[in-house]
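What follows draws every value from the coordinates through simple rules; no lab data is involved. Fair warning: this is a prediction, and the values are worked out from it, not measured in the lab. Counting neighbours? That spans all protein chains shown, and the Cβs are built from the backbone with ideal geometry, glycine included.
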């Protein structure tokens, strides 16, 4: 089923979630990003698993979320993942942290489509919000780290065009080898 599991990756604020939402509106199944949901939940409960408090615990929750998302997609032919397991590896590497063996094993065991779609930094659309505290420079470093991590795990990274969401979606659908939807 891995060829049906397409990942959209990149740094914060590059239009990944907007693209995933648009693909959902076209009828594709979408697994949402772990990071934002975890941050919302942890803030709501005054939890410790926030990237600015305990990045290691935050990474463990992202791993757990991404494994659940992967399993929840089972039986679906075309699924879009707003980030995937390997993003957490890129995140930890960017912070200079050791990648735990179990996370490495997860990335080798639970595979996605051979092409991963990367949204490059896009300063014109980048915005801060209550969950996105990174500077544009941090967003650029995140992009570089996750792209490198996916390449290291044997994926072909395809750069998404900086274009309107409809064009980005059409590009991804074609490059993934999926039939077009309107």
Take the residues in region 102-121 that are touching a strand residue (DSSP E or B) at 6+ places or on another chain (Cβ under 8 Å) and in a loop (DSSP other than H, G, I, E, B), then tell me which one is nearest to residue 157 (Cα to Cα).
-> 114
Please specify each residue of region 158-182 satisfying the condition of being farther than 23 Å from residue 144 by Cβ, surrounded by fewer than 16 Cβ atoms within 10 Å (Cβ to Cβ) and under 17 Å from the mean Cα position of the chain (by Cα).
-> 165
Kindly indicate whether residue 167 is closer than 30 Å to residue 99 by Cβ and assigned to a helix (DSSP H, G or I).
-> no
